[in-house]
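In what follows, a structure is listed as structure tokens, so that the remarks can point back to it.
The values are calculated or read from the model by the stated rules, or taken from the named source; none is laboratory data. Computed from a predicted model, the values in this text were never measured in an experiment. Cβ: placed from backbone, ideal geometry, glycine included. Neighbour counts: every protein chain shown.
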Amino acid sequence: MSTTPSTGQVDTDRIAPSPIAGVAGDVPLPEDLATLVAAAAEQFADRAPAGWPAPRGGRPSLPWLTEVAAYRAQHDAAALLSQRASGAPVPEVQSVRYQQIPLPAAADQAPSGAAQPAALTGRVYRPNGAGPHPAILVFHGGAFWMGGGATGFALNDALCRELCAGANAVVVNVDYRLAPEFAWPAQTDDGAAALRWVHRNASELNVDPQRVAVLGISSGGHLAASLATRLVRQHGAPGDGELPPLAAQFLMAPALDVSLQRAATTDAERAELTALLSLYFAPDFPRGVDVDNPEVSPGYAPPSGLPPTVLIAGDFDPVSAQCRPYAEKLAGAGVPVTLLRYPMTHTVATPQTYARVNADLVAQARRLLAR
């Protein structure tokens, strides 16, 4: 892997021609990947209802919240069942423990009627050896409304351990609040709270506050990129001025642009995206939502001053189509950026591909976070 030039030129060492312009059905999948995609689809068809809980126009409803919880549990169970373990042993780390991350005081209830938590839960992985160590905050995926709690901790455990041991980093897997109970920007606020907690506890965590990075997967990639954008735009502002700039952002198949005109190409895609984003932003999305806001669509007009960036894209993933334009914009702004591509869909890859992804992420983290 070549080193990304400091001028911000896109590192094309691993970019190859790819049929990225559509959903997986538009192009032939490799046989081994097609088999996994079919198996995953069968798990979801058998165990999870189609679609997601429809927004309720902002009307709090206990039955609706119960419906959301039931849909989420079934989808999370299907995600766990469809996971394909590589069989490779996970590396040993010094310790893994759960940690409460305080949130700022808030109203007792969200507009949805859900109770506001006083803290988030993070799973903290600490490496062996003397520090201070770099730190990586991990934000799970799940289409903005799934993949939290025990599911997020389980699905990303191997990656967190590999980053901890391989990059000699303290890794914090953050269980942030989910839509539709908690609408945006609660998720970016949670990312900021976790980042502040790491900095305020840097000595206890044995962390170097100048070497803190974020890593986000899919909708968690939106959270990570939105947080990085907020920090750049508010640098030096009261309340955030104590936070040094991020050392890096690692974005895996991130959702970077929520504009229906820019992110979808067909009426079916626009309808599906509207339904999903209505859970995350507002029941009548896109009404009342500034989709050009850099924190809403961090890939549309990224500000200068963002940290060095590594993007992971899938060859058969329509969401990953947003990675290349974002990389080019960052490069044009002088941000060092590396774009890596793999033969995978948005959620499915062979164990061998996942192993490559994790190994490359570890190598990039070592490169960008080394003392």
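Evaluate the following for Glu295: is it in contact (Cβ under 8 Å) with a residue 60 or more places away in the chain and closer than 30 Å to Ala110 by Cα? In short, yes.
Could we say that Asp315 is more than 22 Å from Asp189 (Cβ to Cβ) and without any contact (Cβ under 8 Å) to a residue 24 or more places away in the chain here? No: the conditions fail for Asp315. Within region 267-312, the set of residues being of a type in the set (Gly, Ala, Ser) and either within 17 Å of Pro325 (Cα to Cα) or assigned to a helix (DSSP H, G or I) (or both) comprises Ala268, Ala271, Ala275, Ser278, Ser297, Gly299, Ala301, Ser304. Restricting to region 257-291, what's the tally of residues that are crowded, with 20+ Cβ neighbours inside 10 Å and over 20 Å from the mean Cα position of the chain (by Cα)? Qualifying residue count for the region: 1.
Selection of region 217-230 for residues being over 19 Å from Ala169 (Cα atoms) and not in a helix (DSSP H, G or I) yields only Ser218.
Using beta carbons and a limit of 7 Å, which pairs, at least six apart or on different chains, have the first residue in region 108-122 and without any contact (Cβ under 8 Å) to a residue 60 or more places away in the chain and over 21 Å from Phe139 (Cβ atoms) and the second one of a type in the set (D, E, K, R) and surrounded by 12 or more Cβ atoms within 10 Å (Cβ to Cβ)? Note: no pairs meet the criteria.
Looking at region 313-322, is at least one residue part of a strand (DSSP E or B), in contact with a His (Cβ under 7 Å, 6 or more places away or on another chain) and within 23 Å of Glu31 (Cβ to Cβ)? Yes: one or more hits. Just one residue in the set Val348, Val335 is in contact (Cβ under 8 Å) with a residue 60 or more places away in the chain, under 21 Å from Phe144 (Cα atoms) and either in a loop (DSSP other than H, G, I, E, B) or of a type in the set (Phe, Trp, Tyr) (or both); that residue is Val348. Residues in region 195-214 include none that are in contact with a Phe, Trp or Tyr (Cβ under 8 Å, 6 or more places away or on another chain), under 15 Å from Leu120 (Cα atoms) and surrounded by 22 or more Cβ atoms within 10 Å (Cβ to Cβ). Which pairs have Cβ atoms under 9 Å, sit 6 or more apart or on different chains, and link a residue in region 62-73 that is surrounded by 13 or more Cβ atoms within 10 Å (Cβ to Cβ) to one that is among the polar types (S, T, N, Q) and not in a helix (DSSP H, G or I)? Note: pairs meeting the criteria are Trp64/Ser112; Leu65/Ser112; Glu67/Ser61; Val68/Ser112.
Every listed requirement among (1) within 25 Å of Ala228 (Cβ to Cβ); (2) under 18 Å from the mean Cα position of the chain (by Cα) is met by Ala119 save one, (2).
Would you check if there is a residue in region 335-355 being surrounded by fewer than 18 Cβ atoms within 10 Å (Cβ to Cβ), on the phi > 0 side of the Ramachandran plot and of a type in the set (Gly, Ala, Ser)? The answer is no, given that none of the residues of region 335-355 is surrounded by fewer than 18 Cβ atoms within 10 Å (Cβ to Cβ), on the phi > 0 side of the Ramachandran plot and of a type in the set (Gly, Ala, Ser).
Only one of the listed residues (Ala169, Ala179, Ala154) is surrounded by fewer than 21 Cβ atoms within 10 Å (Cβ to Cβ) and farther than 21 Å from Leu231 by Cα. That residue is Ala154. Of the residues in region 253-276, none is of a type in the set (Ser, Thr, Tyr) and within 30 Å of Ala135 (Cβ to Cβ).
For the subset of region 43-96 comprising residues that are modelled with pLDDT under 75 and of a type in the set (Ser, Thr, Tyr), which member is farthest from His346 (Cα to Cα)? Across region 43-96, the extreme among qualifying residues is Ser86.
Taking helices (runs of 4 or more DSSP H) as the structural unit, no element lying wholly within region 98-216 holds at least 3 residues that are at pLDDT 95 or above, in contact with an Asp or Glu (Cβ under 6 Å, 6 or more places away or on another chain) and not hydrophobic (A, V, I, L, M, F, W, C).
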